[in-house]
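Any read-out appearing in this document is the output of simple, stated calculations on the displayed coordinates, not a laboratory observation. Small disclaimer: the values here were computed from a predicted structure and weren't measured. Because the Cβ atoms are built from the backbone with ideal geometry, glycine has one as well, and the counts that use them run over all protein chains shown.
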Amino acid sequence: MIPVVSPNAMRARRLFFLAANLLTYATMLVVLAHAIGWSGLNLILFATFAIFTPWSVLGFWNAAIGLTLLFSPRRPQTLRPDPPVTLRTAIIMTIRNEDPERAVARLRRVQQSIDATGEGAWFAFFLLSDTTHPDIAAREEVAMAAWRAQAPSPDRLHYRRRVRNPGFKAGNVMDFCQHWGDDFELMLTLDADSLMSGPAVLHLSRIMQANPRFGIVQGLVTGLPSASMFARTFQFGMRHGMRSYTMGQAWWTGDCGPFWGHNAIIRIAPFRDYCVLPKLPGRPPFGGDILSHDQVEAALMRRAGFEVRLQPVAGGSWEDNPPTVLDYIRRDLRWCQGNLQYLRLLGTPGLRPVSRFQLLWAILMFISIPAWTLMIALLPAAAWELRDMPAPGLMALYWLFLLMYLSPKLAGYLHTACSRHRRARYGGLARFAVGVVCELVFSALQFSVTSLHVSGFIAALLVGKSTTWSGQAREIRTVSWREAARAFWPQTLFGLALHGALLAIAPSIVPWALPFTLGYLLAIPFAVVTAHPAIGNWCARHELCAVPEERDPPPELIGLSRAPTAVISRSAT
């Protein structure tokens, strides 16, 4: 269960966390100012550093607190029988222009796992479609009809398709609440790529049952096994980075926790009554429907007096990750536009300070990326400007920033490495260490590849360009050299110009810059290689960056179809 902390203790935690972050951030700014001085160019460098550094500072302190908690001795729990479920819960899966057979198979697995617990009568299952393509909608109907025909209790299975789609996913969920909300106390939200075990669902349900003031409980989500090299390497790092990060985050956010929009349980009545999203004034990209709805809903739920809690321990809650870097970028750009819309919500009356901070933090997550890109672009000019200055302060700052930037993952890797049992779940120390090295190289390259796209997209938003909500690619597919070149030629030219200038001006800096700049040069081959099915299958066979469910799959994952050998062309997605 989730421990409840007194208001005074929570206030002390938040003051400590705030003071630690501000002191660390101020120290880094002072060191930088002392090292580079206050010339015109250096002022720009100072400003960019000041914008992108807070994200790493907060990640460091979340990881430090989380790792301390993970290593803290836990009191033995007195085993008591689980209380019976007494609240009716709707399991809802939202879908839009995606593979319906695949989504229905996932939802069916959830139903079977819940029914196996003996508590299935308390749950009903809804496939809520916003699909706009008639042929896909027809397949949805067929898949649901086939499921109902084979189900022992078909009256618990429901399908609804909206002809009009106001509000995108948030509107889809709210439509459900308004039409079916009186029949259920709780709803558990799933995306089309989500999967949860019956015990994990019942655990969240019992938390809500025992705490009537909990409005949302967000479960920790981990990545499913994949034969895509991109997905498996990405989720290997994400799983370890999130372990300490979310543990620390839950420690200080308390009743103002995050909400990620899926694999979470929600109390329907307050959500329906208080969490209707405003339609922002003006036209997209910053007006209209809010694309990143989840954290706004969390803030509105907390404003209404209901708590939003994070369950930071993983188990029985999964999702798929994008199979290629191109699909990752498409998803990231929608999040980027949605998070920047929060600029118009920061002044919303009545929000709790922590909720308002989380909106601001979501904005900074993307605003920091153009600042980083600008600093990288200015490296040659900075090298020339600082050629006669002593380097010890800058080198200390370099290593400190690198440590903070990597700290959530390093903390997770350390936690796994220090336990024989945890190492064994990843194939032993040697295989785990190889996975760690591969993932750290991968993540350094991936950030450079994607950061230029995000920076360009934010610049385009300022002149009115907008994205929208569309179906996401879930299955493995190839990325051709032509497709990669078309997408990443700007990164390649940027990398060539950057490294050419550095080699001409200050070649000694190049080795230190490579962790942050090599990805620009390798963007095209990175996209092709990490999507190549043969390479992904080789990684899967040799358990490179394997997750524990890959080596010892739980019942919900056995035989689960993720089409590991299917290759989908770009035109089919």
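In table form, for the structure just shown:
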{"item": "Furthest towards positive pole of dipole, Thr324, His421, Asn263, structure part the chain, Cβ charges", "result": "His421"}
{"item": "Cβ crowding within 10 Å averaged over residues, with 233-245, 154-166 ranked highest first", "result": "233-245, 154-166"}
{"item": "Overall Cα dimensions of the stretch 148-280, principal axis frame, Å, largest first", "result": "40, 39, 36"}
{"item": "For the chain, size of Cβ-based charge dipole, Lys and Arg +1, Asp and Glu -1, in debye", "result": "580 debye"}
{"item": "Label-zone membership for the stretch 199-217, site Asp273, 7 angstrom Cα→C-beta point, backbone N under 18 Å", "result": "209, 211-217"}
{"item": "Over the chain: helical MRE at 222 nm, DSSP H runs n ≥ 4 each giving -39500 (n - 2.57), nearest 500", "result": "-19500 deg cm²/dmol"}
{"item": "Candidate lysines for bridging to Lys279, where Cα separation is under 24 Å - those fewer than 8 sequence places away on the same chain excluded", "result": "Lys169, Lys465"}
{"item": "Radius, Kirkwood style, for the stretch 89-363 when every pair of distinct Cα atoms is counted (Å)", "result": "19.2 Å"}
{"item": "Percentage relative contact order, the stretch 89-363, counting C-alpha pairs under 8 Å, at least six apart", "result": "21 percent"}
{"item": "Farthest toward positive dipole pole in the chain [+1 Lys/Arg, -1 Asp/Glu at C-beta], among Ser56, Gly412, Pro7", "result": "Pro7"}
{"item": "The stretch 413-549, relative contact order [Cα under 8 Å, separation at least 6], %", "result": "39 percent"}
{"item": "Local electrostatic count at Leu351 - Lys and Arg +1, Asp and Glu -1, tallied over other residues with Cβ under 14 Å", "result": "+3"}
{"item": "Relative pair counts by distance (%), Cα atoms of the stretch 17-129, 10 Å bins", "result": "10, 20, 13, 20, 19, 13, 4, 0"}
{"item": "Gain on full stretching of the segment that runs from Leu23 to Ile44 - 0.36 nm per residue minus C-alpha separation", "result": "5.3 nm"}
{"item": "(i) 76, 61, 53; (ii) 77, 57, 56; (iii) 74, 57, 52, with the label sought being that of the calculated Cα extents along the principal axes in Å", "result": "(ii)"}
